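The values are calculated or read from the model by the stated rules, or taken from the named source; none is laboratory data. This is a predicted model, so every value here is computed, not measured. Glycine gets a Cβ as well: all are built from the backbone with ideal geometry, and neighbour counts include every protein chain shown. Just the protein is used for accessible areas: all its heavy atoms, side chains included, with ligands, DNA and RNA removed. Shrake-Rupley method; radii C 1.70, N 1.55, O 1.52, S 1.80 Å.
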Amino acid sequence: MITSGRVMDVCYHPFSLLFGTIIIIQIQNPCAPQSLTRVMDVDKIELVKAQFQPFIRQGEEYVRRVEDIVRQIPPIQIYIAVGAVLFTAFLLFLIRVFKRTISNTIVLTGLSGGGKTVLFYQLRDGSSHQGTVTSMEPNEGLFVLNSESSKKGKIKAVHLVDVPGHSRLRPKLDEYLPRAAGIVFVVDAVEFLPNCRAASEYLYDILTKASVVKRKIPLLILCNKVDKVTAHTKEFIRKQLEKEIDKLRTSRKAVSDADISNEFTLGITGEAFSFFQCINKVVVAEASGLTGEILPLEQFIRERVKP
């Protein structure tokens, strides 16, 4: 029990009065401290608003100025400006898409024994791989040409594919032609005459493929093994291939459509066939994979796949 006199002493004492008031508030409203905190948070927010108010007014003033300037510009100029921006954006988009579609794939093909795989290793690491390689599966690699490995700066890698020349494995060629930037048809310059007919038939099939003609894929006829004394010259090989293909062109026309898988024909009717008549560019060059004399081959690749 607290007497009335004691109560009076407590009430008149300043600290006791303050303490008693807090107790009474706490009893009447247990959530009072939380409410007080909320009030303080609101005060902070209002203070931040007041600090940012000048910047907001300045931003609104800039917006009004821009609106006034835009109203003074004739509508035709605005349309032209918007059109220029959209055209530039569309042009940049096309450039990016075009760059993505540029191929860096070079396909090596030809009859078995022509030296394709040796050329592959010469291009990749500058070795002939002991000069005797027989491949039954495509050799495939993405690399910078060995002759360019010491060059400074960024050089685009070449995706090189060596397709086996065995007749049963030639269909694999169709997997790579749609994305090829160039084709290298390797011919054995030493054993050319015994294989002239077979090489001409294979070359004819390639030159009349829709994937080659429609995309105008450049083709290099590479006469390999020219380091041998008995090797034929590129001029002789070119003329013999043209003669054989001319004969094939005549005989293929006499065959029923059911037996012809090619969608296009070669040459000009009534004229002897020449590689110059092909829709895609066809060139003839010499090389020696065994000795590493492959400069024409490297030049052909770099014309198709820019560094």
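Summary of computed values
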read-out	value
As computed over the stretch 100-256, the Cα convex hull volume per residue (Å³)	132 Å³
For the stretch 127-208: Kirkwood Rh in Å [reciprocal of mean 1/r, alpha carbons]	15.1 Å
Label-point gap, in nm, between S274 and H166 - each point 7 angstrom along Cα→Cβ	4.0 nm
Which of H232, H159 is most accessible, then next, and so on - probe 1.4 Å	H232, H159
The stretch 169-307: C-alpha gyration tensor shape, a/c 1.5 cut-off, then a/b vs b/c	oblate
